[in-house]
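Q: One structure follows; several queries about it will come next.
The values are calculated or read from the model by the stated rules, or taken from the named source; none is laboratory data. Bear in mind the structure is a predicted one, so any value in this text is a computation, not a measurement. We place every Cβ from the backbone using ideal geometry, glycine too, and count neighbours over all the protein chains shown.
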């Protein structure tokens with residue numbers, strides 16, 4: 001718990017609040033259809049929420065995926081949202097850290113993200129060159145494709161990321 005915030009796995013009863021959260025956190029981008037679709041794919045996703053004073057104020061999804069032609073257990077982080085009035089208090093980091101710990105216990109060896117290097121770098125994510133996303137990334141995304149290794153006792157996976165169908169839309173990978 002951080003500053004009165006409790007992190008737990010999401011429940012079906014959280015879906016309406018999760019959708020409202022994404023609309024508030026990303027008013028210029030409608031992530032609700034993607035989130036709704038990902039949440040329908042349980043147990044292929046780890047979905048965590050953060051609550052403060054009985055209100056849902058944060059959410060993150062980690063999608064189970066793989067590397068084409070390999071048996072490595074890897075995951076894709078995203079999306080991650082924090083309510084505007086709860087930002088800059090460590091909630092995003094708490095959701096992220098909790099998720100990474102759970103995935104490590106589940107023998108996931110690497111987690112990938114397409115996101116702000118300044119933000120994700122604070123948690124140990126580094127530019128990724130061994131495993132590629134399913135679509136080429138535009139030049140302006142240089143450094144945004146990142147990963148963090150959870151299991152140092154396993155070899156680093158390389159190849160092309162194999163993702164759930166929800167993620168196989170080019171528009172999710174380019175502006």
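Q: So, in region 27-51, how many residues would count as being part of a loop (DSSP other than H, G, I, E, B) and either at pLDDT 95 or above or out of contact with any strand residue (DSSP E or B) (no Cβ under 7 Å at 6 or more places or on another chain) (or both)?
A: Of all residues in region 27-51, those part of a loop (DSSP other than H, G, I, E, B) come to 27-31, 40-44.
Keeping just the survivors that are either at pLDDT 95 or above or out of contact with any strand residue (DSSP E or B) (no Cβ under 7 Å at 6 or more places or on another chain) (or both) gives 27-30, 40-43.
Summing the residues that are part of a loop (DSSP other than H, G, I, E, B) and either at pLDDT 95 or above or out of contact with any strand residue (DSSP E or B) (no Cβ under 7 Å at 6 or more places or on another chain) (or both) in region 27-51 gives 8.
Q: Right, another one. Is it true that residue 6 is modelled with pLDDT of 95 or more, closer than 25 Å to residue 150 by Cβ and touching a strand residue (DSSP E or B) at 6+ places or on another chain (Cβ under 6 Å)? Spell out the reasoning first.
A: Numbers: modelled with pLDDT of 95 or more: no; closer than 25 Å to residue 150 by Cβ: yes; touching a strand residue (DSSP E or B) at 6+ places or on another chain (Cβ under 6 Å): yes.
Spelling it out, it is not the case that residue 6 is modelled with pLDDT of 95 or more, closer than 25 Å to residue 150 by Cβ and touching a strand residue (DSSP E or B) at 6+ places or on another chain (Cβ under 6 Å).
Q: Sort out which residues of region 14-60 are more than 16 Å from residue 95 (Cα to Cα), in contact (Cβ under 8 Å) with a residue 60 or more places away in the chain and crowded, with 18+ Cβ neighbours inside 10 Å, and write them in order of number.
A: Passing the criteria: 34, 38.
Q: What do you reckon, is residue 121 surrounded by 14 or more Cβ atoms within 10 Å (Cβ to Cβ) and over 26 Å from residue 8 (Cα atoms)?
A: Numbers: surrounded by 14 or more Cβ atoms within 10 Å (Cβ to Cβ): yes; over 26 Å from residue 8 (Cα atoms): no.
For residue 121, the condition - surrounded by 14 or more Cβ atoms within 10 Å (Cβ to Cβ) and over 26 Å from residue 8 (Cα atoms) - is not met.
Q: Scan region 71-82 and tell me whether some residue there is surrounded by fewer than 18 Cβ atoms within 10 Å (Cβ to Cβ) and under 20 Å from residue 157 (Cα atoms).
A: yes
Q: Give 92, 99 a once-over and let me know the one that is free of Cβ contacts under 8 Å to residues at least 40 places away in the same chain, under 20 Å from residue 47 (Cβ atoms), under 14 Å from the mean Cα position of the chain (by Cα) and buried (at least 18 other Cβ atoms within 10 Å of the Cβ). So that I can check it myself, show each step before the final result.
A: On the way: 99 fails: free of Cβ contacts under 8 Å to residues at least 40 places away in the same chain.
One residue alone meets the criteria, 92.
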